[in-house]
C-alpha cells in the first residue's frame, strides 16, 4: 500500500466525515488521456470546433477588463433567449455550470433520506452518486433487453419523489417514445426530470411538456452539440415555482462571464449548429452500417455516439484491442452493458481509421 493510500484509510480526520460519504464511490469521469496521436472517442465530445462566432467574440469583441467584475448571477440575457426559443420566459430557465450542476441542484431540492430518487438501468452513472450525496435511496428500474422502458415503470417508481431520465439515454443511445414520456409526466406523483444532453442529435425535445405539467424539468447542455464541453454551460427549463426554488440551491455565481458570452454567441449561430449536427448524424449512420456489416450488434442511436457489441460480445476485449491501436472508446462493465462499447462519433477521417482497425480485428 502506498503512503497516499495508507493516508486515505488511516487519517484521524476521517471520523468527521458523513458516513455515507466514506461508504460511497465517487463519479468516474471519462478518461482524458495525455498520450499524443490518440483518436479519442470515449467522452462524447463534439469532433468539430465551436461556432466561428465564438472565435470572433474571443478575438475581437470581448473586453478582458470586464473580468474584474462578477458575472450576471443568473445569466439573464442568455436564459431569456433560451426560453424564448421554445416559447418560455426568463423565469422558466435556470443556468448551470454544465448540466451536471443542474442535476446537482435538482437532487438537492427533491431528494433526501425520506425522498427517494428513481432512474432506469443502465443510464448515466452520476445519478446514483448524486443520490448518495443526499443520503437518498436510488430506485433503479431495469430497461427491457432492447433498452426500451418496461410497461410497469410507473408502478416500480411510485415511491420516488424524483424520476430522472435521459432522452436519448446514455450509454445505450436510444430515444424513448415521446407519448410514453408524456404519460409518465401526467401520471407520476413527483418531479420528472428529462435530461436532454443529446437531444439535438435526435430531432426530439420534451420542452413542450414544461408548459403542460407543473412537475416537469427539462435539462440541456452546450457540451455536446455546441462543442463547448470545456466552457461548461447547461440549463434547465421548468415552470416558474420550480425554477424559483432551484435558484436557492445554486452557487452565487455558478456560470462565469466568459462562458455566458460564448454560449450566447454559439446559440445565436443556428446555421452552424445545424451543419455540424447533420455531419455527425451522417457519420453516425455510416459507422453504424459498417460495424453491422462486421457482425457488431449496433443499437439504434439518436445521440452523437453508438452503443455497439462486437461480434464476440466481449466489450472489454474490444476496448482493449482498440486502445492497442491508439483508439480510445468507453467500456461500461455490468450485466446489461458488458457486451458493448460506447463509441463517440468523430470526424469522417477518424471514423475511417476506426473502421479500418475494426476490419483488421474482426474482418
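The values are calculated or read from the model by the stated rules, or taken from the named source; none is laboratory data. Computed from a prediction, not measured in an experiment: that's the story for all the values here. Virtual Cβ from ideal backbone geometry, glycine too; neighbours counted across all protein chains shown.
Below is a table of values for the structure above.
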{"read-out": "The stretch 303-327: number of residues that are touching a helix residue (DSSP H, G or I) at 6+ places or on another chain (Cβ under 9 Å) and surrounded by 21 or more Cβ atoms within 10 Å (Cβ to Cβ)", "value": "9"}
{"read-out": "Number of positions in the stretch 157-177 that are over 13 Å from the mean Cα position of the chain (by Cα) and modelled with pLDDT of 95 or more", "value": "10"}
{"read-out": "Any chance residue 14 is out of contact with any strand residue (DSSP E or B) (no Cβ under 8 Å at 6 or more places or on another chain), over 30 Å from residue 353 (Cβ atoms), assigned by TED's automatic domain parsing to the domain that holds residue 221 and at pLDDT 80 or above", "value": "no"}
{"read-out": "From the options 143, 162, 154, residue that is in contact (Cβ under 8 Å) with a residue 60 or more places away in the chain and in the same structural domain as residue 180 (by TED's automatic domain parsing)", "value": "143"}
{"read-out": "Any pair with Cβ under 6 angstrom, 6 or more apart, that starts in the stretch 312-326 at a residue that is in the same structural domain as residue 298 (by TED's automatic domain parsing) and ends at one that is surrounded by 14 or more Cβ atoms within 10 Å (Cβ to Cβ) and in a helix (DSSP H, G or I)", "value": "321/361; 325/357"}
{"read-out": "Qualifying positions in the stretch 214-242 - farther than 15 Å from residue 103 by Cβ, more than 20 Å from the chain's Cα centre (by Cα) and buried (at least 17 other Cβ atoms within 10 Å of the Cβ)", "value": "215, 239"}
{"read-out": "Verdict on residue 55 being surrounded by 15 or more Cβ atoms within 10 Å (Cβ to Cβ) and either touching a strand residue (DSSP E or B) at 6+ places or on another chain (Cβ under 9 Å) or modelled with pLDDT of 85 or more (or both)", "value": "no"}
{"read-out": "Residue 116 being touching a strand residue (DSSP E or B) at 6+ places or on another chain (Cβ under 9 Å), surrounded by fewer than 22 Cβ atoms within 10 Å (Cβ to Cβ) and more than 23 Å from residue 220 (Cβ to Cβ)", "value": "yes"}
{"read-out": "Residues located in the stretch 86-106, provided they are without any contact (Cβ under 8 Å) to a residue 60 or more places away in the chain and closer than 19 Å to residue 225 by Cα", "value": "none"}
{"read-out": "Output for the stretch 118-137, where each listed residue is within 22 Å of residue 174 (Cα to Cα) and more than 16 Å from the chain's Cα centre (by Cα)", "value": "118"}
{"read-out": "Failed item, numbered, when residue 222 is tested on (1) touching a helix residue (DSSP H, G or I) at 6+ places or on another chain (Cβ under 6 Å); (2) within 16 Å of residue 302 (Cα to Cα); (3) without any contact (Cβ under 8 Å) to a residue 60 or more places away in the chain", "value": "(2)"}
{"read-out": "Candidates 334, 346 - the one that is in contact (Cβ under 8 Å) with a residue 60 or more places away in the chain, out of contact with any strand residue (DSSP E or B) (no Cβ under 6 Å at 6 or more places or on another chain), part of a loop (DSSP other than H, G, I, E, B) and under 22 Å from residue 223 (Cβ atoms)", "value": "346"}
{"read-out": "Residue check, residue 338 under 24 Å from the mean Cα position of the chain (by Cα), farther than 26 Å from residue 225 by Cβ, modelled with pLDDT of 95 or more and surrounded by fewer than 17 Cβ atoms within 10 Å (Cβ to Cβ)", "value": "yes"}
{"read-out": "Failed item in (1) in contact with a helix residue (DSSP H, G or I) (Cβ under 9 Å, 6 or more places away or on another chain); (2) part of a loop (DSSP other than H, G, I, E, B); (3) surrounded by 19 or more Cβ atoms within 10 Å (Cβ to Cβ), with residue 160 passing the rest", "value": "(1)"}
{"read-out": "Hey, residue 93 surrounded by 21 or more Cβ atoms within 10 Å (Cβ to Cβ), modelled with pLDDT of 95 or more and either closer than 21 Å to residue 235 by Cβ or over 21 Å from the mean Cα position of the chain (by Cα) (or both) or not", "value": "yes"}
